[in-house]
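*Asks:* Following this message is one structure expressed as structure tokens.
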Amino acid sequence: MYETPTAGTAPRDGAPLTSVDAPPATSAAQTTGATQASVARGGWPLLAILTIVYVVSFIDRGAMSLVVGPIKEDLGASDLEVSWLLGLSFMLLYSVLGIPAGYLVDVYRRKRLLGGAILLWSGVQILCGLSQTYMHLFVTRIGLGVGEAVLPPAASSMIRDAFPPERRGLAFGIYNIGPLLGTGLALMLGGFLLHFASAGHLAGVPLLGSLKPWQFVLVVPGLMGIPLALIVWMLREPARRDVRSDDKVTYREALRYVWAHKGIYLPLWVAICLYGIAIGSQMAWLPEIISRSMGIERPVIGQTLGAAALVASPAGLLIMGSLADWLQKRGMVDAPVRVAIGSTAIAAVVTALFPLIQSPMVGVAAYAAQTFFFAIFAVAGGATMANLTPGNMMGKLTAIYYLVTNLFGLALGPTVIAFAAKLFFAGPNALGHAFVTCYVLAVAIAVLMLVRVSRTIRQSSLKAA
């Protein structure tokens, strides 16, 4: 196994120690001192705004899951074609363009890049709602991914620099409220907007009155991002921790660092990819599965699941994130990963019981429990990445991290379920059975990968001591 070099030593080939060869960001040399141990000025307001931006980005991309049926009917699309709208179209360039975005984040002012990106994706989201054909909607979903590609590396880099290692569990926990809270709000807001438009309240309203209800559901979230871009531009950007002005690395050097620590990075990235398949399939298909299996109206599904997610996911992230910080302060070097292992396993068991549920009330309680326990998984990835990754690589490696997560996880999730339902299941509940099976398998393997990450972190910590 690779032995992490310590300060003042040289690699085995005798070359001088470079920033790429330096120890992970959790080393004592990097965390001592008042400056390193304190939250940067303006850190908490920055975190709050970045979390709101993350929430709105998931409202933009998640609102479509509630109007799958109307889109299929109006545009004549199949389940497989809809799965491409929900996953592949958005993730195609979102994942790939994260690579150049990660480079820019490590070099330029992050708040300026992010503010411009928010304006771009908000405008494209409005164009999504104005689509008249399947191809138009597919292309605009690709454009939505182009704008949102800047968010992951920019936000992760700024959070890493604003918070010291012993506060990052909570910080990334709050930030990762975004996907789950955004999904819940997408369902709640989408349900309200769908009911409002379907009831004819837009009749006679200029511009909006000519939209179909599903188009209105997609247009409104795009309008929400415009004021957010202005707020982001006014934020105080934190100084970069542990990075000199001339301390720059290339993608090749960053990947060399990953390979040197492959025992942690590679299983972590495999685990987060499987997480993406699980959460992506749930975001895309769960409202439609409930509608088909229980006959509940879509606005009711959106409002009910959204309300449950609004309570359960923030609670899970704050409680579990605080627990991870508490354990890390007491010497558990792999605290975020260890908390995620136990919590995620519980979420998988709850999901496996979904087919046995007949009562809507029990179903809501099970959904709330699942989102509560599953929420911490993303924190394990984000906090571990921040603790191990030097500041001059954070944008680049976060971009690669999200490339893996999104292209092989979130993008594939909806299509994996559609294919599994078509190939292995039959009947009206085929989609539901495929979802539960794929979700549980993906999460089970992800937990095994996290166990390996945890073991490697502890072994590396013992060697460094």
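The values are calculated or read from the model by the stated rules, or taken from the named source; none is laboratory data. The model shown is predicted, which means the values in this text are computed figures rather than measured ones. Cβ sites come from the backbone with ideal geometry, for glycine too, and all protein chains shown count toward neighbours. Accessible surface is based on the protein model in full, side chains and every heavy atom, while ligands, DNA and RNA are left aside. Shrake-Rupley method; radii C 1.70, N 1.55, O 1.52, S 1.80 Å.
*Asks:* Given the conditions (1) farther than 15 Å from ALA309 by Cα; (2) of a type outside the set (D, E, K, R); (3) at pLDDT below 80, report the number of the one that LEU181 does not fulfil.
*Replies:* (1)
*Asks:* With the structure loaded, tell me whether TYR402 is open to solvent by less than 10 Å² (accessible area, probe 1.4 Å), in a helix (DSSP H, G or I), of a type in the set (Ser, Thr, Tyr) and touching a Phe, Trp or Tyr at 6+ places or on another chain (Cβ under 9 Å) or whether it fails that test.
*Replies:* No.
*Asks:* Taking region 416-427 as the search range and keeping residues that are touching a residue at least 60 places away in the same chain (Cβ under 8 Å) and open to solvent by less than 20 Å² (accessible area, probe 1.4 Å), which one is farthest from the chain's Cα centre (by Cα)?
*Replies:* ALA421
*Asks:* Name the residue, out of VAL447, VAL451, that is over 23 Å from MET283 (Cα atoms), open to solvent by 10 Å² or more (accessible area, probe 1.4 Å) and part of a helix (DSSP H, G or I).
*Replies:* Going through VAL447, VAL451 in turn, the sole match is VAL451.
*Asks:* Would you tally the residues in region 199-236 being in contact with a Phe, Trp or Tyr (Cβ under 9 Å, 6 or more places away or on another chain) and of a type in the set (Gly, Ala, Ser)?
*Replies:* Final tally of qualifying residues: 2.
*Asks:* Then there's this: Just give me the residues in region 326-339 being surrounded by fewer than 22 Cβ atoms within 10 Å (Cβ to Cβ) and either farther than 16 Å from GLN459 by Cβ or among the hydroxyl-bearing types (Ser, Thr, Tyr) (or both), in sequence order.
*Replies:* TRP326, LEU327, LYS329, ARG330
For every residue, the table says whether it meets (1) farther than 15 Å from ILE277 by Cβ; (2) open to solvent by less than 20 Å² (accessible area, probe 1.4 Å).
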site	(1), (2)
THR389	yes, yes
ASN429	yes, no
THR437	no, no
LYS463	yes, no
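Yes/no per residue for (1) closer than 18 Å to ALA442 by Cβ; (2) open to solvent by less than 60 Å² (accessible area, probe 1.4 Å); (3) of a type in the set (Gly, Ala, Ser); (4) in contact with a Leu (Cβ under 6 Å, 6 or more places away or on another chain):
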{"site": "ILE301", "(1), (2), (3), (4)": "no, yes, no, no"}
{"site": "GLY306", "(1), (2), (3), (4)": "no, yes, yes, yes"}
{"site": "GLY316", "(1), (2), (3), (4)": "no, yes, yes, no"}
{"site": "ALA352", "(1), (2), (3), (4)": "yes, yes, yes, no"}
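*Asks:* Can LEU92 be described as assigned to a helix (DSSP H, G or I), touching a Leu at 6+ places or on another chain (Cβ under 7 Å) and hydrophobic (A, V, I, L, M, F, W, C)?
*Replies:* The answer is no for LEU92.
*Asks:* For region 199-218, enumerate the residues that are assigned to a helix (DSSP H, G or I) and touching a residue at least 24 places away in the same chain (Cβ under 8 Å).
*Replies:* Within region 199-218, PRO213, TRP214, GLN215, PHE216, VAL217, LEU218 meet the criteria.
*Asks:* Here's a check for you: in region 116-131, which residue that is among the small types (Gly, Ala, Ser) and over 19 Å from the mean Cα position of the chain (by Cα) is nearest to LEU218 (Cα to Cα)?
*Replies:* Looking at the filtered set, the residue picked out is GLY129.
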